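Structure, as structure tokens:
Coordinate-derived values only; no laboratory data. Note that the structure is a prediction, hence the values are computed from the model and not measured. Every residue, glycine as well, gets a Cβ built from its backbone with ideal geometry; the counts of neighbours run over all protein chains shown.
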Amino acid sequence: MASFESDSRDRSSGLFSDKILFFIFLFCMLSILLQSLLILTAFAKLPPEIPLFYSKTWGGQMLAPKLYVWILPAITLGIYLLNMLVSRFLLFKDEFLKRALFISGAIVAIAAFLDTSKIISLLV
């Protein structure tokens, strides 16, 4: 009986016991899925080089091969996984910092989705 109580206590104190963190997880995964679907549907229609590096000066320096568009969903996934690992192993008791990490991951997911959709809508 004691093991059942400790198991339920461990499960309730997990990473997704907080509903906000769970909804941010769903949002980030949905963003990655939508980005991937958008890229897959438009990949054949994209030109060989796409404008990806907007922080560089205008011209050829902004262009990258169309395969590089996959960087955006990869960044979203990488930032989310990094934030999850940091919150799981370093910040397991600080709820504010844990939420701040997950919210920053959601902001990255929004920005990457908007960038992906903007690049594809401009070129297709």
Open item on the list: Per-residue counts of other Cβ atoms within 10 Å, averaged by peptide: what ranking do you get for 54-60, 20-26, 112-118, highest first?
Closed with: 112-118, 20-26, 54-60
Open item on the list: Using amide H atoms built in the peptide plane, which far-off residues or other-chain residues are under 5 Å from Ile50 H to H?
Closed with: Ala64, Lys66
Task: Contour minus Cα-Cα distance for Leu26 and Ser117 (0.36 nm per residue) - done: 30.8 nm
- [ ] Divide by every residue of the chain the summed helix terms, -39500 (n - 2.57) for each DSSP H run of at least 4, and state the resulting mean residue ellipticity at 222 nm, rounded to the nearest 500 deg cm²/dmol.
- [x] -23000 deg cm²/dmol
Open item on the list: I'm a student and want to see the number: the projected area of the Cα convex hull of the stretch 2-123, averaged over all directions, in nm².
Closed with: 9.4
Task: For the stretch 66-80, 3J(HN,Hα) per residue [Karplus equation, 6.51 cos²θ - 1.76 cosθ + 1.60, θ = phi - 60°, Hz, x = Gly/Pro] - done: 5, 5, 5, 5, 6, 4, 5, x, 5, 5, 4, 5, x, 5, 5
Task: Percentage relative contact order, the chain, counting C-alpha pairs under 8 Å, at least six apart - done: 34
- [ ] Please state the charge dipole magnitude for the stretch 2-123, taken about the Cα centre, from unit charges on C-beta atoms (+1 on K and R, -1 on D and E), reported in debye and rounded to the nearest 20.
- [x] 240
TODO: Beta carbons within 10 angstrom, averaged per residue: use that to sort the peptides 93-100, 62-69, highest first.
DONE: 62-69, 93-100
Task: Given charges at Cβ of Lys, Arg, Asp, Glu: the chain dipole, positive-most of Thr57, Ala42, Ser121 - done: Thr57
